[in-house]
Amino acid sequence: MVSPDGLVRLSGIAVEAGRATLAHYREGIAVDQKQDRSPVTAADRAAHAVIVRALAEWEPAIPVISEEGEIPAFEVRRSWRRFWLVDPLDGTKEFIQRNGEFTVNIALIEDGAPVLGVIYAPALDLLYYAGLGLGSWRRESGGEPVRITSRPPLPQHGLRVAESRSHPSKELEQFLATLTVAERVPAGSSLKFCWVAEGKADIYPRLGPTMEWDVAAGDCIFRNSGVGRPRRSELLYNQPELRNQGFVIGLADRDLDTASGEGRVVWFTGLSGSGKSTIARRVVEALENRGGAVEYLDGDAIRDVFPATGFTRPERDAHIRRVGWVASRLERHGVTVVASLVSPYEESRSFVRGLCRNFIEVFVSTPFEVCAARDVKGLYAKAKAGEIKHFTGLDDPYEPPSAPELTIDTTHLPVDDAVRRVLRYLEERSA
């Protein structure tokens, strides 16, 4: 059953169950309470019926444990080697609030570990699935599947934390106070596992108890997202009460990631005309001549590809964050990324630093007066004439980096010398 065909079949069952929930999602939501006072809807029951029927038709000998079904006593199931764990509708609060972040979760457990897992968010038409030895995958809106991967975070780097949208806690705040947190990413249901599996977040802490059916499918997707080896997970299955007492996904294997430091992001920031792009391109040429994977991301070139990108502070911030995310993904695959952007705001650059594992900020500090006198592209003249609005250094601020790894003033420094300084710094840092 743990095969590409098995994954396809299981995904189809999850999608069918998700469609059953959408009928209730669109027509009106009637909420009841179970004995434990947790909410339940007709959509939970409809999805449960679809899944149980389909799994029985597939392989009737494999028992099913579903949140909405009868739960066998531990004495009955303690010898089970293989069984299904099902949460027909995870994120009932998200379902009731109509924010779309509810999911259908199905996992196959073998010898205490999830070996097949599918998560489907029907309102988003977003499907995640994974199998032991088959990798983890994402499919959006019926498109082509895309393989997703994750790496453990490096020590001493800021962490992106996936957190529950509906279950805040004092314990979580106390735990996060012990870490360097770069970003907090709220999400509903088991999508938090998927965010870690595809690199949108580094860790997912859930410090309160959870039932095994809440986590099994997401745990499978996380475990199989590793590069070269499975990711480690502390979660257990078929326990007497089918309950885990809390967990942190994403940190258990950070000491094993020997390849995660190979990539790096060299981020050049400075005013237009400071010389940053010239130096960056020459650094790229030198690194390419030495071999290895190198990618150059130029802010102006990327704007040409996406001409709708504007120059207001929110538009600049979004542009920098997008480029930073791309840079961080390339870095995770061992690429040296050289990026050259004005990137005038400290908050935006700090966000990018938090995304990356090995971030090197090069501040080309050439003063405004020198850059304006050079006016290589004629932009300063246009800005002074009022033809360009929100021009950095003139009617929009440039916030210098507070602690760059390297500062270069090209007022009197030749390009060749500037390039040598950058390359020497990179060599010393890699030594």
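The values are calculated or read from the model by the stated rules, or taken from the named source; none is laboratory data. If you're wondering where the values come from, they're calculated on a predicted model, not measured in any experiment. Cβ: placed from backbone, ideal geometry, glycine included. Neighbour counts: every protein chain shown.
Table for the structure above
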| quantity | calculated |
| --- | --- |
| Residue list for segment 142-152, restricted to those being modelled with pLDDT of 90 or more and more than 22 Å from CYS356 (Cβ to Cβ) | GLU144, PRO145 |
| Hits in segment 63-83 (condition: more than 34 Å from the chain's Cα centre (by Cα) and surrounded by 16 or more Cβ atoms within 10 Å (Cβ to Cβ)) | TRP80 |
| The listed residue being out of contact with any strand residue (DSSP E or B) (no Cβ under 8 Å at 6 or more places or on another chain), closer than 14 Å to GLY270 by Cβ and of a type outside the set (Asp, Glu), out of GLY386, GLY378, GLY393 | GLY393 |
| Filter result for the condition that a residue is surrounded by fewer than 23 Cβ atoms within 10 Å (Cβ to Cβ), closer than 22 Å to ALA54 by Cα, modelled with pLDDT of 95 or more and β-branched (Val, Ile, Thr), over VAL104, VAL115, VAL86 | VAL115 |
| Helices (runs of 4 or more DSSP H) lying entirely in segment 342-431 (those with 2 or more residues that are more than 30 Å from GLY199 (Cβ to Cβ)) | 368-374, 379-384, 415-430 |
| Residue match in segment 200-217 (condition: assigned to a loop (DSSP other than H, G, I, E, B) and buried (at least 23 other Cβ atoms within 10 Å of the Cβ)) | yes |
| Count of residues meeting criterion [out of contact with any Ser or Thr (no Cβ under 7 Å at 6 or more places or on another chain) and either surrounded by 21 or more Cβ atoms within 10 Å (Cβ to Cβ) or outside the structural domain of PRO401 (by TED's automatic domain parsing) (or both)] in segment 333-352 | 6 |
| Test set (1) in a loop (DSSP other than H, G, I, E, B); (2) of a type outside the set (Lys, Arg); (3) touching a residue at least 24 places away in the same chain (Cβ under 8 Å); (4) over 19 Å from LEU126 (Cβ atoms) - LEU235 fails condition number | (3) |
| Leading residue by the ranking (modelled with the highest pLDDT) among those in segment 202-251 that are in contact with a Pro (Cβ under 9 Å, 6 or more places away or on another chain) and on the phi > 0 side of the Ramachandran plot | GLY250 |
| Qualifying residue in segment 322-336 (condition: part of a strand (DSSP E or B), polar (S, T, N, Q) and in contact (Cβ under 8 Å) with a residue 40 or more places away in the chain) | yes |
| Residues of segment 328-347 classified as modelled with pLDDT under 90, in contact with a helix residue (DSSP H, G or I) (Cβ under 8 Å, 6 or more places away or on another chain) and under 20 Å from LEU423 (Cβ atoms), total | 0 |
| Test: residue in segment 44-54 that is assigned to a helix (DSSP H, G or I), touching a residue at least 60 places away in the same chain (Cβ under 8 Å) and not hydroxyl-bearing (Ser, Thr, Tyr) | no |
| Which listed residue, of SER233, SER164, SER225, SER169, is surrounded by 19 or more Cβ atoms within 10 Å (Cβ to Cβ) and within 22 Å of GLU94 (Cβ to Cβ) | SER164 |
